[in-house]
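First the structure, in the form of structure tokens, and then the observations on it.
The values are calculated or read from the model by the stated rules, or taken from the named source; none is laboratory data. Worth saying up front: this structure is predicted, and the values here are computed from it rather than measured. Quick reminder, even Gly has a Cβ in these numbers, built from the backbone with ideal geometry, and neighbours come from all protein chains shown.
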Amino acid sequence: MTIIPENLKDIAKAIKLDSERKKKFGLSLRRFMEASEAVRVRQGIRQISQSNSLLTFFSYPMSIFLILALVLGAGGGTSFAAEQALPGDLLYTVKVDINEKVAAVFSFNAEAKAQLEARLAERRLEEASKLALENKLDANAQSELSARFTAHSQATKSKIKNLESSGDIRGAANVSSEFEASLRAHQAILARLNATTSDDARELSDDLSDAISSTTQLRVDLEDKISVGENSPEVKTAAEGRLGAAVNIIASARNYLQNKKSQLSASSTAQAEGELTVADQLVVDGQAKVQAGAYGDAFNLANAAIRKAQGVRVIIQAQDNLNLEIRFRGGDNQNEVRNNGSASSSIDVGNRGENEKRNATSSNSDDSKKSGAEIKVEGGGKSDLDVDEGGGVNASGSIKIKLGL
Amino acid sequence: MRLPKDVFLEAYEMHAEAIYRHCFFRVFRKELAEELMQETFMKTWNYIASGEKIDNIRAFLYKVATNLIIDDSRKRKEESLEKLVEANPALEPVSTDHLKTEHDLALKEVIATFKVLDAETQSILTLRYIDDLDPKEIGEILGLTANNVSVKINRALSEVKKHIQP
């Protein structure tokens, strides 16, 4: 052979990193990052922990993972691994019976407890999504998830009501508003995954719809009370604080969208930006209410803005996870799926855009196969979700999700 | 402003395969190359998470990988070329339908040639001809000047010539 063959680089490309393994290592890497972050936090905590400040620290809603890290420390390997478990996995019981119970023990105030129940309900929906993606959301899994979801969602409502009766009506409104936004976003995601149309999935779908209705009702009732409530300086401070939080959450969602832009279709991005623009306007309206002295209304508008931003964020996050999976699956399926509009009336849809086919975007591989797969979900005008997928070794897919609130 | 975590994970998406391939052309074992690749990213993350800034993450990754490979080779005995090439199915190209037959042979020849070189020569040749980095970047990775690297590349090529033209 010549000293170095001219196309050595191409020959060497035969040594590939299998995309499944790449994905798998990517997940391990993320877990590693979380775990080492938790250790760092824990070390930081140690320095301030000998006093009451630890109690204060645990009074804020914390991620379950972080709680575990703080409690279990370096020996918590199994628990950390269990966080990724799904119904059917061996570690699932560790996740729900141990990890989540540990987290409950370390929620020290009423608001944290309510937030935790909401988070647990949300986790059941995330699990359903992951199973649906793998076509493993069978009758058993679905039934179990349904039961657990319902239990948590009812506990959430009950804790929200406790918050209200203990005098913290704004805390109650916050939790119910966030819960509502999260439920709606997950409903859209599950619908896109066609997880809610089969007979098997009816139970979960119904439970989710019920939860959305009752949470929305709860939120509306609380907001009505806040709206007609006193306009004291305390409420003013709360409203300004919540508006400030809304600004941050919108900015964070916008940032997130910016980072993930390359994985989204143009119309999906435009949709999300539209939602965030509406959120911006709600904040502006809220600020006007503060000026006008209607602090209760201002507070409610802040929560409306947060719901918008939160919805965008949850959807993109799911797309991020799902897209990772879709991308690595490659485009070998041609599926057309009909969604019979099991979404509740709470999700409005604008006009359907035409499907956009995305080409494989990777530039350097000659041997990528370009096969397009289209998954269309058509609904009864309630929730329309388009998915385009470009398949191939190095292709990227995209999901367009239309969501109006 | 983007979070370090997102920037880092993006770097993983972009460079994981290249780092893996680099490791493979140094150790010729699939599982070991995968481990070294993972360890490269984990060490890099620890560095970032401790607050350090990295200007050129690609170069940094290669640097970490190079050092890990050196550490690893100190722990391992050399295995015979024959055993490696014959017994290791990982040496079979993953997507054979994309390669014409002569590529398979060429790959085996390359591997055989690389295997008999010393570590530094192997490293330089891999960085230059497989990772396709230029002498300046290689210099960043190995802590040398670009000139120094060019000299070493020429020496490496002479070394290869010696082996294939006895």
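Values computed for the structure shown
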read-out	value
Residues of the stretch A:1-20 classified as more than 7 Å from every other protein chain (Cβ to nearest Cβ) and either under 17 Å from residue B:14 (Cα atoms) or crowded, with 18+ Cβ neighbours inside 10 Å (or both), total	3
Long-range neighbours under 7 Å by Cβ, at least six apart or interchain, first residue basic (Lys, Arg) within the stretch A:223-238, second surrounded by 14 or more Cβ atoms within 10 Å (Cβ to Cβ) and part of a helix (DSSP H, G or I)	A:225/A:169; A:236/A:290; A:236/A:295
Matching option when the condition is surrounded by 15 or more Cβ atoms within 10 Å (Cβ to Cβ) and at pLDDT below 95, among A:168, A:199	A:168
Neighbours by Cβ (under 6 Å, 6+ apart or cross-chain): first from the stretch A:96-107, in contact (Cβ under 8 Å) with a residue 40 or more places away in the chain; second not in a helix (DSSP H, G or I)	none
Any hit, the stretch B:131-145, residues being of a type in the set (S, T, N, Q) and facing chain A (nearest Cβ under 10 Å)	no
Any pair with Cβ under 7 angstrom, 6 or more apart, that starts in the stretch B:124-147 at a residue that is farther than 25 Å from residue A:11 by Cβ and ends at one that is surrounded by fewer than 19 Cβ atoms within 10 Å (Cβ to Cβ) and of a type outside the set (D, E, K, R)	B:139/B:145; B:139/B:146; B:139/B:148; B:140/B:56; B:140/B:59
Filtered residues of the stretch B:11-36 (kept if closer than 18 Å to residue B:56 by Cα and of a type in the set (D, E, K, R))	B:13, B:17
Subset of the stretch A:132-155 [polar (S, T, N, Q) and in contact with a helix residue (DSSP H, G or I) (Cβ under 6 Å, 6 or more places away or on another chain)]	A:142, A:146, A:150, A:153
Qualifying residue in the stretch B:34-42 (condition: more than 9 Å from chain A (Cβ to nearest Cβ), modelled with pLDDT under 95, over 10 Å from the mean Cα position of the chain (by Cα) and more than 21 Å from residue B:128 (Cα to Cα))	yes
Residue A:150 vs. criteria more than 16 Å from residue A:315 (Cβ to Cβ) and either crowded, with 24+ Cβ neighbours inside 10 Å or touching a strand residue (DSSP E or B) at 6+ places or on another chain (Cβ under 7 Å) (or both)	no
Where a residue in the stretch B:1-19 is at the interface with chain A (Cβ under 8 Å from one of its Cβ atoms) and its partner, wherever it lies, is surrounded by 14 or more Cβ atoms within 10 Å (Cβ to Cβ) and assigned to a loop (DSSP other than H, G, I, E, B), with Cβ under 8 Å and at least six apart	B:16/A:17; B:17/A:16; B:17/A:17
Helices (runs of 4 or more DSSP H) wholly inside the stretch A:1-117 that include at least 1 residues being closer than 30 Å to residue B:132 by Cα and at pLDDT 80 or above	A:8-12, A:19-48
Considering residues of the stretch B:45-60 that are within 10 Å of chain A (Cβ to nearest Cβ) and either of a type in the set (Gly, Ala, Ser) or touching a helix residue (DSSP H, G or I) at 6+ places or on another chain (Cβ under 6 Å) (or both) only, the residue farthest from residue A:16 (Cα to Cα)	B:50
Pairs where the first residue, in the stretch A:248-260, is buried (at least 20 other Cβ atoms within 10 Å of the Cβ) and the second is hydroxyl-bearing (Ser, Thr, Tyr), C-beta under 6 Å, 6+ apart	none
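Conditions (1) under 24 Å from residue A:300 (Cβ atoms); (2) under 22 Å from the mean Cα position of the chain (by Cα), marked per residue:
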{"residue": "A:219", "(1), (2)": "yes, yes"}
{"residue": "A:230", "(1), (2)": "yes, no"}
{"residue": "A:264", "(1), (2)": "no, yes"}
{"residue": "A:268", "(1), (2)": "no, yes"}
{"residue": "A:271", "(1), (2)": "no, yes"}
{"residue": "A:278", "(1), (2)": "yes, yes"}
